[in-house]
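The values are calculated or read from the model by the stated rules, or taken from the named source; none is laboratory data. Predicted model, so just to flag it, every value in this text is computed and none were measured. Positions of Cβ are generated from backbone atoms using ideal geometry, with glycine treated the same way; all protein chains shown enter the neighbour counts.
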Amino acid sequence: MEERSLSRVDLIVEGKAYVEGRFIECAIGIDEGIIASITKPSIAPRAEHKVIAKGNELIVPGMVDMHVHMRGLEESYKEDWLTGTMSALRGGVTFICDMPNNKPFINSISRLKMKLDEARANALVDYGFYLGFPEDLNELRQVKGLGVYGVKLYPDDYRSARLYKLLRVCAEEGLLVVFHAEDPDIVDSAMRLHKVRKVEKHHELRPEAAEHEAVRKLLLALSEVQGVRAHFTHLSLVESIRQVIYGKMQGLSVTCDTCPHYMLLDASLLTKLKGIAKVNPPLRPHSYVREVFNSVKGMIVDAISTDHAPHLLEEKLRSSYDEIPPGFPGLEVCLPLLMTLIDKGDLPLQCIDLYSKGPARILGLGKGSISIGFDGDLVIVRKEKWTIRGNELASKAKFTPFEGWELKWKVVKVLIRGVLALDEGEVKVGKGYGRLIKPLDRA
Ligand code: DOR
Ligand code: ZN
């Protein structure tokens with residue numbers, strides 16, 4: 001426990017807090033939005049305001065979700081920056097990094113500015129962005145100042161003759177390259193093979209081999225470009241995670257994440273929930289899911305993200321396979337799910353880091369940890385039973401593949417930069433409170 005001779009801070013948050021991998025009874029002093037002290041309660045600095053986490057409550061850092069889709073622009077009917085960030089807030093997430101596959105696709109500075117306007121006006125939590133593969137690679141030289149952490153690449157991008165050039169520019173600019181790892185040729189041929197496409201067969205239409213092959217090829221590309229930092233997001237198979245670890249052992253600067261649905265849900269859900277369970281990469285057969293769960297348990301992934309991908313329920317209930325958009329919301333359930341699994345003894349305590357400190361490190365953020373000098377982003381969770389219900393989500397996507405799951409932990413308070421932003425389900429900050437956090441210069 002660190003002690004400082006501060007006599008006064010703006011706010012004290014007191015209770016059992018997750019500090020350096022364990023829960024300790026302490027007082028966290030926040031001054032000007034930053035964690036200024038972590039002391040025993042008896043020697044805490046004085047403060048005008050105090051928030052106390054009671055007996056059945058715990059304090060954890062604000063979560064960092066490095067892969068979300070806030071939609072907005074022409075897809076505001078699916079989600080917008082207010083409803084999406086409200087979902088984040090209710091899930092104890094204080095920073096999100098938003099994907100570029102909007103309508104229109106965000107692959108230029110001018111389009112990014114359109115998104116930024118909406119985020120500025122509406123966000124309730126802090127945020128940053130990824131850019132799509134730009135037409136003009138030179139624009140990558142200026143985007144950090146606009147809150148861009150990296151470039152997100154989709155399967156079709158792997159066919160581009162400019163892929164290596166892009167990797168080189170990202171290396172020069174210190175931008176992260178984030179991969180959706182599914183090989184487009186393997187997916188295409190699997191799709192051609194299955195003449196009648198049914199949602200129950202989604203996992204066969206996008207086979208395991210597609211993910212492995214994409215990871216293999218991309219690692220090879222990375223080994224040929226000096227100094228590029230890359231991240232494989234939403235890996236759905238342990239073999240892919242192993243490939244990334246092998247890449248690390250070759251000296252590559254690579255990291256990866258998986259999502260709660262690849263840890264906990266299997267392809268049989270496609271028969272039960274049909275389009276609601278359609279997501280890319282797909283949910284896998286049971287034995288694979290167990291392995292992914294164990295990889296999180298063993299902390300061999302660097303992060304957990306939700307890939308919060310909202311669509312309207314009516315879109316997900318369409319009968320034709322090709323017309324069902326992939327993805328589902330995840331922000332409101334991830335932290336409560338993790339806390340419940342930790343409580344049951346199924347995951348170690350340190351898994352909290354995978355959804356906070358881990359992604360914050362990858363992005364280079366001063367968030368996601370209860371440490372001096374970090375942003376005063378804190379979440380109070382309470383041991384209280386509740387049941388996940390899609391129609392109760394703040395997201396415009398009123399469904400979830402976790403429908404009916406009974407959880408033991410609930411998010412009750414969220415502080416962002418020392419300001420109470422959510423209290424017992426009630427939003428306490430105005431829209432636009434969320435701030436654009438620009439990446440620290442690492443280049
Ligand atoms: O399931 C998915 N949904 N996978 C993606 O790659 C995109 C995402 C979306 O934007 O809906
Ligand atoms: Zn996504």
In the stretch 328-354, how many residues are of a type in the set (Gly, Ala, Ser) and surrounded by fewer than 19 Cβ atoms within 10 Å (Cβ to Cβ)?
-> 1
Return the pairs, sorted by first residue and then second, in which the second residue is of a type in the set (Gly, Ala, Ser) and at pLDDT 95 or above, the first residue lies in the stretch 363-379 and is more than 21 Å from residue 422 (Cα to Cα) and surrounded by 24 or more Cβ atoms within 10 Å (Cβ to Cβ), the beta carbons are less than 9 Å apart, and the residues are 6+ apart or on different chains.
-> 365/128
Tally, over the stretch 274-293, of residues that are touching an Asp or Glu at 6+ places or on another chain (Cβ under 8 Å) and assigned to a loop (DSSP other than H, G, I, E, B) | 6
What about residue 156, is it free of Cβ contacts under 8 Å to residues at least 40 places away in the same chain, out of contact with any Lys or Arg (no Cβ under 7 Å at 6 or more places or on another chain), within 16 Å of ligand 1 (Cβ to nearest atom) and in a helix (DSSP H, G or I)?
-> yes
Inspect the stretch 177-190 for any residue being assigned to a strand (DSSP E or B), of a type outside the set (D, E, K, R) and free of Cβ contacts under 8 Å to residues at least 40 places away in the same chain and give the result as yes or no.
-> no
Considering the stretch 92-111 alone, what residues qualify as being closer than 23 Å to residue 430 by Cα and away from ligand 2 (no atom under 16 Å from the Cβ)?
-> 92, 94, 95
Just one of (1) within 16 Å of ligand 2 (Cβ to nearest atom); (2) closer than 21 Å to residue 255 by Cα; (3) of a type outside the set (D, E, K, R); (4) touching a Pro at 6+ places or on another chain (Cβ under 7 Å) trips up residue 328, so point out which.
-> (2)
Please determine, by comparing only the residues of the stretch 55-83 that are farther than 28 Å from residue 339 by Cβ and not in a loop (DSSP other than H, G, I, E, B), which one is nearest to ligand 1 (Cβ to nearest atom).
-> 75
Filter result for the condition that a residue is of a type in the set (Asp, Glu), over 30 Å from residue 348 (Cβ atoms) and in contact with a Pro (Cβ under 7 Å, 6 or more places away or on another chain), over 79, 14 | 79
Working only within the stretch 237-264, note down all residues that are in a loop (DSSP other than H, G, I, E, B) and away from ligand 2 (no atom under 16 Å from the Cβ).
-> 237, 250, 251, 252
Any chance residue 315 is within 16 Å of ligand 1 (Cβ to nearest atom), over 19 Å from the mean Cα position of the chain (by Cα) and in a helix (DSSP H, G or I) | yes
